[in-house]
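In what follows, a structure is listed as structure tokens, so that the remarks can point back to it.
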Amino acid sequence: MSKDVCILKLIDVCKSFHNVKVLDGINLEISKGSITGIVGPSGGGKSTLLRCIQGLETIDSGKIEKNGRTGFMFQDFQLFPHMTVLDNLIFAPCIKNKSQREQHIQNAMQILQELGIEKKSHSYPNTLSGGQKQRVALARSLMMNPDILLCDEPTSGLDQSTSDEVASLLKSINNDTGVTILIASHDLDFLKQISQRIIPMTLVENNSCH
């Protein structure tokens, strides 16, 4: 039997903010095509860990090895309020390759259709429900064809029914595309529903740096 292929590896990763340790020697290996949950209390470093993997934060020491592109779903969606759903989706791809705008639009509409919100393509974020905004945020992440999808509290502020929908969507995307998914959440029930592996994170003891 062949061994699982490692797509993401963290080696002794440390991160502090204002002399307070948030990540203290994190070692982690993530298998390609897996769905992994990271659970823990607020302040336990879950979001910071994802942001470091994405490169939104720099680590103080250690090493992060990625075998592929990463995409990031923000907890608060971070959609541009003055742009339509479609414009939100094609904004980053057009910056990268403006000459293929029509292709980006086709890709965006296909993803929106797969997520069941193609009719909202010309709507603005303030007209969407929380679940619809989450789908748009997911669609925007998928526009960059990530090999690893990083999801920061994807069910925050959503009711149980909508949370179940998000779980089904992520599992479908994983099954259909093989994208590796790493989810940070305080919702253990949600993670049990979707993850093959759950990693607990706790507050760093004696976390003042000297």
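Tell me whether the range 130-153 contains one or more residues that are more than 22 Å from the chain's Cα centre (by Cα) and open to solvent by 60 Å² or more (accessible area, probe 1.4 Å).
no
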**Message:** Can you confirm whether S121 is buried (at least 17 other Cβ atoms within 10 Å of the Cβ), of a type in the set (S, T, Y) and touching a Ser or Thr at 6+ places or on another chain (Cβ under 9 Å)?
**Reply:** yes
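Matching residues to (1) of a type in the set (D, E, K, R); (2) out of contact with any helix residue (DSSP H, G or I) (no Cβ under 9 Å at 6 or more places or on another chain); (3) outside any helix (DSSP H, G or I):
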| position | (1), (2), (3) |
| --- | --- |
| N126 | no, yes, no |
| Q132 | no, no, no |
| V136 | no, no, no |
| P146 | no, yes, yes |
| T155 | no, no, yes |
| S168 | no, no, no |
| D189 | yes, no, no |
| L203 | no, yes, yes |
**Message:** List the residue pairs whose Cβ atoms are under 7 Å apart, where the first residue sits in the range 122-148 and is without any contact (Cβ under 8 Å) to a residue 60 or more places away in the chain, the second is basic (K, R) and open to solvent by 10 Å² or more (accessible area, probe 1.4 Å), and the two are 6 or more positions apart or on different chains.
**Reply:** P125/K133; L128/K120; Q132/K120
**Asked** Only one of these conditions is not met by A92: (1) modelled with pLDDT of 90 or more; (2) out of contact with any Ser or Thr (no Cβ under 8 Å at 6 or more places or on another chain); (3) at negative phi. Which number is it?
**Response** (1)
**Prompt:** In the range 10-20, how many are of a type in the set (D, E, K, R) and open to solvent by 70 Å² or more (accessible area, probe 1.4 Å)?
**Reply:** 1
**Prompt:** Can you tell me which residues in the range 1-39 are among the small types (G, A, S), within 19 Å of F72 (Cα to Cα) and not in a strand (DSSP E or B)?
**Reply:** G33, S34
**Item:** Residue among N67, N27, N107 that alone is closer than 30 Å to V5 by Cβ and in contact (Cβ under 8 Å) with a residue 60 or more places away in the chain
**Value:** N67
**Request:** Could you please find all residues in the range 57-80 being in a loop (DSSP other than H, G, I, E, B) and under 17 Å from the mean Cα position of the chain (by Cα)?
**Result:** E57, N67, G68, R69, F74, Q75, D76, F77, Q78, L79
**Among (1) surrounded by 20 or more Cβ atoms within 10 Å (Cβ to Cβ); (2) in contact (Cβ under 8 Å) with a residue 60 or more places away in the chain; (3) over 26 Å from S129 (Cβ atoms); (4) in contact with a Ser or Thr (Cβ under 7 Å, 6 or more places away or on another chain) - the single one I38 does not satisfy** = (4)
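The values are calculated or read from the model by the stated rules, or taken from the named source; none is laboratory data. This one's a predicted model, so the numbers in the text were calculated from it and none came from an experiment. Positions of Cβ are generated from backbone atoms using ideal geometry, with glycine treated the same way; all protein chains shown enter the neighbour counts. Ligands, DNA and RNA are excluded from the accessible area calculation, which covers all protein heavy atoms including side chains. Shrake-Rupley method; radii C 1.70, N 1.55, O 1.52, S 1.80 Å.
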